[in-house]
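Notes to accompany the following structure.
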Amino acid sequence: MMVYLIKMTTCALLLYAIYAVLLEKEKMHRFKRIYLLVSLIFSMMIPFTSMTINVEQMPANIGTIYTGWNNVIETPDKQTYIIEMNMQVENKPTVPSINYSLLLLSVYVMISSFFLFRMLKNCLQMFLFGQKNACMDYHGAKIALMDEKTVPHSFGRYIFVNREDYYNVRIPDEIILHEWAHVKQRHTYDIMFIELLIAFGWFNPVFYLYRNKIRQNHEFLADDTVTGNNQEHIPAYQTILLNCISQNKDIIFSSSFNFNFLFTKKRIVMMTKTTSKKGAWCRSIAMIPVFIAAFCVFSTKTIAQNDLNTLLTYESVENPVPDNDRMITHEKEQSNDRTITPEKDVPNEKLPTVFEPNKDGKNELFLEGYDLQVFNRLGSLLYKGTNGWDGTCKGELMPEGVYYYIAIRSENDGEKQTFTGFVTLNKQNSQNETKITYAKAAENCDFEVEGSTLEQRFPVRLNAANSGEQVVFKKAIALSGGQRYRFTICTDEVSAGEAILLLFEKEELIWSSHNPETDRMQQYFDIDIDKTTIYVLFVTFKDGKEGSAVVSTYHIAKLEQ
């Protein structure tokens, strides 16, 4: 066991030193992630491998034979072979003594059990936080709104943020996108892997060095997702990083946005650094002989002798590679995109699409008796219960508009029916229900492709613009590279103006639903996304008129490579 630990640690430190010298400062983060994980696995497996060397015959002239625990045979060419032998030891009465091996094993088991229990506890705690707090879908991830003061961090498919900070828009979109990148790239798996190794190898400092480098590279990957190739966006994002240093509260078991000043400085430098494709390829290819050399040095050599039926084995242990500077990092899993669908088909049943909590005794509650959840267009939970929604949140009447709901009804046979849709809150008691805007627009807006997934749908309502002005709705969205999406825009039938949807990447207009030359309006558009970055949607109404509409985003398919 001692020989194995020496070999494994030495090999891991050697590969770590090569990483620190050749790869750490280069902007090739995906390759670096693979290198670190493969280096750990390689170092743990290589001592168990063997390399066989065939020898035609044993040298004829044997100079010296030393008889002890092993036979050491020195040949004329000064090569030494160790022949393992079975020794018979005479049994003699022994004096009772302390079994130090058993004592050390007991201590090891207790400490390893502590680390393993802590890891499982943290994992379960993160999962329970995600389950008990209100969550919102965010491009395949879940944003969990916590009452506790916490810095944004992620674990698994969850992004944890403070509820008050989120509602008051104190968390920049870049931070949310940063944590989403951790989830999308499944950084949690890397962290759980290294934490599991630490639980059983807590005495070995090499695992802590690798954990810091893995977490550091995770942050580089997430930063790269936020900034992309947009150099103009980097200064604003660097400012956000600097503003977050004072909130430093590193959460070891998850991916946290905040780190100390020294590491933040390295992240800022890395954002502006570039690595040529040629340089990246050269460094990647250079790792092949490194692993081959490590295999030759740290594997067990077995010499097969043809003339004698004897295996001569020897092991070579090199001096450990000196430790290098330490750095740090991390985070998470992308879950599959999910849309809420009824557990049981109820095609002929229609639920109310409007209610008027105006104290006139009529139509005051929405879906009384259902297990109901109501959300606003930002995804914030406004109501949860079975008494029916009265249009208020924390005692305050919500503004007129369209709200999204999820309602579950239990049947007598034990089955449950799930209903989802939009409802309009109308404060004025109106006899004309044609003023129900968003709900009807959503019902009539069906441009979904077979096999596609609804990413998000949100209502837009704008007032009429004053003379010489333009009223615009703006929303930033993150789209994944290598995917095809569909955008749809549907104007309500009673709107005064027609809705216009515009999609921008940086400052470049990608698509507009209105062609000013032909005055033609389109209701949907398909786009292939090459890289993961932030896009911006603008919605306005033709001629500055007031109106309401529904915008939908569908994920159609993954592009073929």
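Read-outs throughout are calculated quantities, based only on the coordinates presented, and are distinct from any laboratory measurement. All values reported here derive from a predicted model rather than from experimental measurement. A quick note on method: Cβ atoms are made from the backbone with ideal geometry, for glycine too, and the neighbour counts reach across all protein chains shown.
Annotations for the structure displayed:
- Each Lys or Arg adds one and each Asp or Glu takes one away; over the other residues whose Cβ falls under 10 Å from the Cβ of Pro459, this sums to +2.
- The residues Tyr166, Tyr403, when put in order of fewest to most other Cβ atoms within 10 Å, stand as Tyr166, Tyr403.
- Thr150 long-range amide H proximity, modeled H, under 5 Å: Asn162
- Linear extension gain, Ile240 paired with Leu102, 0.36 nm per residue minus alpha-carbon span: 44.3 nm
- Take 143-149, 546-552 and order them by the average number of nearby Cβ atoms within 10 Å per residue, most first; the result is 546-552, 143-149.
- Packing, as the average of other Cβ atoms within 10 Å across residues, places the peptides 10-16, 280-286, 533-539 in the order 10-16, 533-539, 280-286, highest first.
- For Lys273, Lys184, order by how many other beta-carbon atoms lie within 10 Å, fewest first: Lys273, Lys184
- Count Lys and Arg as plus one, Asp and Glu as minus one, and take only other residues whose Cβ is under 10 Å from that of Ile477; the net charge is then -1.
- Neighbour-count order for Phe375, Phe155, fewest beta carbons within 10 angstrom listed first: Phe375, Phe155
- Alpha-carbon centroid distance for the pair region 492-555 / region 142-221, whole angstrom: 35 Å
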